[in-house]
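Structure first, commentary second.
Nothing in this text is a laboratory measurement; each read-out follows from the coordinates by a stated rule. Given the structure is predicted, the values throughout are model-derived calculations rather than measurements. Please note: Cβ atoms are built from the backbone with ideal geometry, for glycine as well, and neighbour counts cover all protein chains shown.
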Amino acid sequence: MRCKAPCAARLLFPRARALHRLPVLVAASSRPRALHFSGSSWRRCCSRWPSRSCSSIWASCGAAPGSPAPPSTAGSLGGPGTAAANPREHGVPGCPASRCASSCMWLTRMNNFTLMHYLDIREDPTFIPEVAPEGREEKPETKNTLEILEQLMETRSHPGNTGFSFKGIQDYLNCYRTGELTPLQVAQNIISSLEDCEKSSPPLRAIVQWDRVQIQKMAEAATTRYRNKCPLSLLDGIPVCLKEEIQVVPYHCRVGTAYLGTEPETEDATVTRKLREAGAIIIGVSNMHELGTGTTGCNPNRFHGTARNPYNPQHFTGGSSSGSAAAVAAGLCPLALGTDGGGSVRIPASFCGVVGLKGTFGLISCHGCLPLSYSTVSLGPICTSVTDAAIAYSILAEPDPLYPYGLQQPKPSLSEILTPDLKGLKLGVNWTFFKACDAEILAVCQKAVEHLQALGASVMDVPLPEMEEVRVAHVICILSEMMDFLQPDFNTHFQQMNLETRLNLTLASQFTALDYIKANRQRTRSMSFLQEIFTSVNCILTPATACTAPRIQDSDLLTGNNDVLTTLKSMRYMQLGNFTGIPGLVVPVGYTATGLPISFQVMAKWWDEAVLFRVGLKLEEFRDMTRKPAIYYDVLA
């Protein structure tokens, strides 16, 4: 029987000119590593597949509905006599992807995913990167958290730069407190904007499910509270949206697919409940890359479509929390929630020119989120400013008895972020790693480092050992855990998945228990390295991404996008945080010559989000102006 699934090799390596450059992107390793093909070998193997995206692959493989069957793959990358020729040997009886399994075995070698086979790691494995808070004596707070946040917002309301600025939480609160606008009036403006988003060409596709009655009901309640001068919190009346991976009553938790979430949710996730208790107005659920398997946000599914970057709608938002970043950058709400297993909060925040926080592993409860990867995923906010991120952190960071991680986390502390300078802080930079990005990004981010130095911080060279091992081990962990959870879907809904999802899950099926255990042994080593580094510095600085938002091709909108070079560059600075559980904050610091946002990342030791906010607030001062996105709705007008 002929395999109708697209050939995995064609999917993962669609661009010959990108392929022969890939070995250059792999960082030098301090330990033995897998062999690589030479550039000429890559070109010989892959020159048959020069297409950039999945469209021509889809057509040539006959996987599109109604298209002719593809030619047999026997004798090329997988055929009779290979392990993939017998699907039952892989535990996937009759699965149309099984004939592609041998192709994925080849791909694991080409991507250096066999690296773990060649390493002798003696450390015990760490399967969950949960770190107990340090037993340091807590300093008494001179001001409570609410007073600190009010002072932060007051500072932000008088920015040093002029021109356009995003409407943040403080702007909404000023309108509500003065009576200039009510939450209900703002909600009506948002509903009108959501209707306009759907009619525009191209449609923004940031919010994929919303309900007028639900929005009005929450807004009316908030309006009553402000009229009676008894708001619930700093988020009372503030519009927010949540990634479709998070349970929100009464919406469908489709997770970016065409087959999940067939019934509306009847129970909120913990974060959804906390937002309701804080009085927030949930304006809907936001778009995402299918099952969180990519970094562009490209999703051709019928319920979703691809979210557009508000700074340039012909470019991707980044993923997988694509709609959350687009909604914030387009002015639909000042706060959105996403999940981050490989940069899925920080990448779209960076591409869309807004702030994104991935907290310490376990900081914010993931109860009620689809458990795609239990050891790498953290839930985090995407916001208009660092101050707004601090507000979200102060409300959402709390132990949850329904979530097994972060139960011993310290109370949020913000007392040390209100400083006029950065004197006393030591900031670590590994310049070899730092410079592995596009030239425009490097130029802006180097100046940002100089800005932090000018504010009194010390910048020190730090080692970041075994980053190639981190890259490979992170991929093994996240894909293996996703495959474990999605195995039933892979067997029964394979044809309903996007091509990129099929490929990644087929690739994940090639990883062994030995790969997974060795990857988690590497996690122990990497966490140990970081513990040592953080005895010398307070933060680690990097660019947020090694590239800016890639351009959308027409074919991407039909069959998806799978550009491995873009994936590597967008995730380069993200994986360390997900793999080890340390927190990271991305802050926009500039723009390319074509107007696409450039962002900067600050990482800190476990449970030290406060130092991220302290540095992030100073990074916001570095950018002399904020450019207005091409798509922007001023719902407070």
For segment 423-484, what is the charge dipole size about the Cα centre, in debye to the nearest 20, if Lys and Arg each add +1 at the Cβ and Asp and Glu each add -1 at the Cβ?
460
Long-range amide H partners of Ile552 with built H, under 5 Å
His315, Phe316
Relative contact order of segment 517-595: what whole-number percent is it, with Cα pairs under 8 angstrom and at least 6 residues apart?
36
Which whole-number percent is the relative contact order of segment 153-277 (Cα, under 8 Å, 6+ apart)?
18
For the residues Leu585, Leu568, Leu402, what sequence is obtained by ranking on other C-beta atoms within 10 Å, fewest first?
Leu402, Leu568, Leu585
Any idea what the relative contact order of segment 567-637 is, in percent, if you count C-alpha pairs under 8 Å spaced at least 6 apart?
26
When the charge dipole of segment 149-241 is computed with +1 on Lys and Arg Cβ and -1 on Asp and Glu Cβ about the Cα centre, the Cα farthest towards its positive end, among Gln214, Ser165, Gln188, belongs to Gln214
Loop-resident GluC sites (Glu not before Pro) in segment 433-509 with no more than 11 other Cβ atoms inside 10 Å, DSSP not H/G/I/E/B, are none
Sorted from fewest to most neighbouring beta carbons within 10 Å, what does the list Ile207, Ile347 look like?
Ile207, Ile347
Distance between Cα centroids, segment 229-256 to segment 583-619: provide it in whole Å.
25
Across segment 209-224, in residue order, what do the Karplus-derived ³J(HN,Hα) couplings come to in whole Hz, using 6.51 cos²θ - 1.76 cosθ + 1.60 with θ = phi - 60° and x for Gly and Pro?
9, 8, 9, 4, 5, 4, 4, 5, 4, 5, 5, 5, 5, 5, 4, 5
Residues whose built amide H sits under 5 Å from the amide H of Ser599, excluding neighbours closer than 5 in sequence, are Ala544, Thr545, Val589
Straight distance only, please: which lysines reach the Cα of Lys435 with their own Cα at less than 26 Å, same-chain residues fewer than 8 apart left out?
Lys358, Lys423, Lys426, Lys447, Lys569, Lys605, Lys618
Only counting other Cβ atoms within 10 Å, I'd like Thr270, Thr548, Thr492 sorted with the fewest neighbours first.
Thr492, Thr270, Thr548
Under-5 Å amide H pairs with Ser378, H placed in peptide plane, nonlocal only:
Asp340, Gly341
Calculated from backbone phi, Karplus (6.51, -1.76, 1.60) coupling profile of segment 292-299 in Hz, x at Gly/Pro
x, 8, x, 10, 9, x, 6, 8
Can you list the trypsin sites (Lys or Arg not before Pro) in segment 199-291 that are in a DSSP coil and have 13 or fewer other beta carbons within 10 angstrom?
Lys229
